[in-house]
Amino acid sequence: MHDSKYWINYFDRNLKNKRIDWTIKPSLSETEKESILKSLQAWQLGETSEGKNLIDAATKHARRLRDPDYTSAIRLFIKEEQKHGNNLGRYLDLIKEERIKKDWGDSMFRKIRGLNNNMEFWTIAVITVESTAQIFYQCLKDATGCKLLKQICTDILVDEAAHITFQIERLGLIYHQKNAFARFISYYAYGVFFFSTALVVWFAHAKLFKAGHVNFERYWIKMKLKFNKTIKRLKPQPKNPKIGLPLNY
């Protein structure tokens, strides 16, 4: 597991990377726009959160662990998410489409997150949303021939991979501090939240996913794989008694 200073240095360096060539003119066809615009606008809104509740939860968590650097790492993580929102917004401006102020999915998730300032809840929520985001942005990239939009999506996808590592390391720390019974309950609660959220995201953005050549069956398979690579790894695997290795080694 990386410490908080590692993540501060990582985010600080990564925020300086310029992977998008803004001299490229957008080239979005009307057919492509019709398939992706509403989802693009909704996701852009979702990437613009100030993250106040997350910072509050991280600060409380950091005090308990006597790790003030963690709050600084979270602030940089939020800054990177806001960069995504700014880039998507800039693209919407270039294609002369509005930046929306309200979306039912975004409003629902903001209300849910606002009800809880527990770091464990926030971490599983972020892991879940980032997992769906990886599929979303790959589908957005595949749904268009616009070189500029593809670069924006690639930049986000690079960032999201590290974001999930950052969050799953933190969730692992929280999870393994629990007793066995609490871990059992938490693990299944994580699963319920993860897949319930995945369903909501599908229904909200099915048109975009299909434009990116991902139907519901493929989407669900991808989400299961992401669950296995993140949440499921928290749960110890049964060992082969003969050699002492996990049975799925």
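The values are calculated or read from the model by the stated rules, or taken from the named source; none is laboratory data. Just so you know, these numbers come straight off a predicted model, no measurement behind them. Cβ coordinates were reconstructed from backbone atoms using ideal geometry, including for glycine residues, and neighbour counts include every protein chain displayed.
What number of residues within the stretch 18-64 are without any contact (Cβ under 8 Å) to a residue 40 or more places away in the chain and surrounded by fewer than 13 Cβ atoms within 10 Å (Cβ to Cβ)?
Selection size over the stretch 18-64: 9.
Here's the yes/no breakdown for (1) closer than 25 Å to Leu148 by Cα; (2) modelled with pLDDT of 95 or more; (3) touching a Leu at 6+ places or on another chain (Cβ under 7 Å):
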| position | (1), (2), (3) |
| --- | --- |
| Trp22 | yes, yes, no |
| Thr48 | yes, no, no |
| Asn53 | no, no, no |
| Lys96 | yes, yes, no |
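Among the residues of the stretch 13-32 satisfying the criterion of being part of a helix (DSSP H, G or I) and over 19 Å from the mean Cα position of the chain (by Cα), which is nearest to His84 (Cα to Cα)?
Arg13
So which of Phe109, Phe77 ends up being assigned to a helix (DSSP H, G or I), among the aromatic types (Phe, Trp, Tyr) and either more than 15 Å from the chain's Cα centre (by Cα) or modelled with pLDDT of 90 or more (or both)?
The unique qualifying residue is Phe77.
Could you check the stretch 148-161 and list, in sequence order, the residues that are within 19 Å of His213 (Cβ to Cβ) and surrounded by fewer than 20 Cβ atoms within 10 Å (Cβ to Cβ)?
Lys150, Thr154, Leu157 - these are the residues of the stretch 148-161 that are within 19 Å of His213 (Cβ to Cβ) and surrounded by fewer than 20 Cβ atoms within 10 Å (Cβ to Cβ).
Go through Ala206, Ala198 for me and flag whichever is of a type in the set (Gly, Ala, Ser), surrounded by 15 or more Cβ atoms within 10 Å (Cβ to Cβ) and in contact (Cβ under 8 Å) with a residue 40 or more places away in the chain. Write out each step before concluding.
Numbers: Ala206 fails: in contact (Cβ under 8 Å) with a residue 40 or more places away in the chain.
Ala198 is the lone residue from the list that is of a type in the set (Gly, Ala, Ser), surrounded by 15 or more Cβ atoms within 10 Å (Cβ to Cβ) and in contact (Cβ under 8 Å) with a residue 40 or more places away in the chain.
Answer with yes or no whether Ser35 is assigned to a helix (DSSP H, G or I), closer than 16 Å to Phe136 by Cβ and over 20 Å from the mean Cα position of the chain (by Cα).
Yes; evaluated as a whole, the condition is true for this residue.
Looking at the stretch 166-182, which of the residues that are free of Cβ contacts under 8 Å to residues at least 12 places away in the same chain and in a helix (DSSP H, G or I) is surrounded by the fewest Cβ atoms within 10 Å (Cβ to Cβ)?
Ranking the qualifying residues of the stretch 166-182, first place goes to Ala180.
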